[in-house]
Amino acid sequence: MKELHALALKVEPGRLWILDQTRLPDEERWLEGHEPTVMVGHIQRLSVRGAPLIGVAAALSLACFAEAGASERALAEACAALRGARPTAVNLMWAMDRMKGVMDAGASLADLIREAEAIFDEDVALCEAMAVRGSALVQPGESVLTHCNAGALATAGIGTAVGVIRRAFELGKLRQVLVDETRPLLQGARLTAWELLRLDIPHTLITDSMAAILMREGRVQRVLVGADRVAANGDFANKVGTYGLAVQAAHHGIPFHPVAPWTTVDLDCPDGRAIPIEERRAEEVRGYGDLRWAPAASPVFNPAFDVTPVALVTSLVLDRAVLTGDQLREGGLSQL
Ligand code: MRU
């Protein structure tokens, strides 16, 4: 396989590495991921995360496995295991179905490797296209709020929502980024803040519950978030807390935009009710890492994602178009 480099993933001859995102921001530790069973664990633990990147990582892991001489049967089993590693981000299923399509067509090893490399390269290009379209929406002097991490750590390229933010900053339009901490696993505080610091983009970290005050005080002009799955009617799933932000943005008349590549669109889901939502371990809410602050016996509800209805979407930024809420409701996604 050719050498590939992204912020949180790299391919070197015979080896696939992922940056362990559970250790950021304090430690930059790279983990091997060329064995699919190991990669399944990395995806489930969120060592590698973000809708586009888990699809890319799974495809490359499968290609490495093929390169190492895995049998057809072992490859098929690995593909199914990777596909089922997390349920909400459709990019993972999309990438595995694409690899399976090539395997089912009796492909050679070279074909499989080319497909995985193409999935990586395409994601880089999709990020660029979203950045161009999305940054055109940002007006000079705006402060933009984002949730979770939809940046380079979540894709093979410059990110989705954070890619837009980065391009707006490069164009001199951005005042600052307000970064939601993003409970319970703190992707905003640990990952987005880390990325923005590296890029020298002015930002302020807030806890999730502070967004409403800043909106009321006129200190947020736009909300830009990623997506894990966009249904045919424009409802979309993203990191839990996104729905609440959308309600607050609508109340304060603030434009609200999910940013996603077409690989995140699932036309087989008619609306948000059909999107499967991952529920995660209670310990993630009772504490963080080794630290627990809630009673160990307290029952917990821990959905990793929520669904924002299209009624709260100002426009969806895709790589190939920007669709308004009205266009989405009129079936605009199926006409792209
Ligand atoms: O659980 P995670 O960290 O994988 O959740 C990630 C998100 O919710 C992102 O906002 C989404 O995947 C878009 S990433 C470009």
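The values are calculated or read from the model by the stated rules, or taken from the named source; none is laboratory data. Computed from a predicted model, the values in this text were never measured in an experiment. Positions of Cβ are backbone-derived with ideal geometry, glycine not excepted, and every protein chain shown enters the neighbour counts. To get the accessible areas, we keep the full protein, side chains included, count just its heavy atoms, and leave off ligands, DNA and RNA. Shrake-Rupley method; radii C 1.70, N 1.55, O 1.52, S 1.80 Å.
Within the set 207, 242, the sole residue that is touching a strand residue (DSSP E or B) at 6+ places or on another chain (Cβ under 9 Å), open to solvent by less than 50 Å² (accessible area, probe 1.4 Å) and either of a type in the set (Phe, Trp, Tyr) or within 16 Å of the ligand (Cβ to nearest atom) (or both) turns out to be 242. Can you spot a residue in the stretch 171-185 that is part of a loop (DSSP other than H, G, I, E, B), among the hydroxyl-bearing types (Ser, Thr, Tyr), closer than 30 Å to residue 92 by Cβ and open to solvent by less than 10 Å² (accessible area, probe 1.4 Å)? Within the stretch 171-185, one or more residues are part of a loop (DSSP other than H, G, I, E, B), among the hydroxyl-bearing types (Ser, Thr, Tyr), closer than 30 Å to residue 92 by Cβ and open to solvent by less than 10 Å² (accessible area, probe 1.4 Å).
Sort out which residues of the stretch 138-147 are within 12 Å of the ligand (Cβ to nearest atom) and either open to solvent by 10 Å² or more (accessible area, probe 1.4 Å) or not in a loop (DSSP other than H, G, I, E, B) (or both), and write them in order of number. Passing the criteria: only 146.
Anything in the stretch 21-54 that is more than 20 Å from residue 91 (Cβ to Cβ) and open to solvent by less than 10 Å² (accessible area, probe 1.4 Å)? List them, or say none. Scanning the stretch 21-54 gives a single hit, 24. Among the residues making up the stretch 254-288, those that are assigned to a helix (DSSP H, G or I), open to solvent by 30 Å² or more (accessible area, probe 1.4 Å) and without any contact (Cβ under 8 Å) to a residue 60 or more places away in the chain are 273, 274, 283, 286.
Condition test on residue 196, is it within 16 Å of the ligand (Cβ to nearest atom), outside any loop (DSSP other than H, G, I, E, B) and outside the structural domain of residue 93 (by TED's automatic domain parsing)?
yes
Within the stretch 111-128, residues that are free of Cβ contacts under 8 Å to residues at least 24 places away in the same chain reach partners that are open to solvent by 10 Å² or more (accessible area, probe 1.4 Å) with beta carbons closer than 7 Å, at six or more positions or on different chains, in the pairs 111/102. Of the residues 129, 161, 105, the single one that is closer than 26 Å to residue 19 by Cα and open to solvent by 10 Å² or more (accessible area, probe 1.4 Å) is 129. You will find that of 248, 327, the residue that is surrounded by 15 or more Cβ atoms within 10 Å (Cβ to Cβ) and farther than 28 Å from residue 95 by Cα is 248 and no other. Only residues that are surrounded by fewer than 18 Cβ atoms within 10 Å (Cβ to Cβ) and over 14 Å from residue 124 (Cα atoms): list them for the stretch 2-16, please. Matches in the stretch 2-16: 2, 3, 12, 13, 14, 15.
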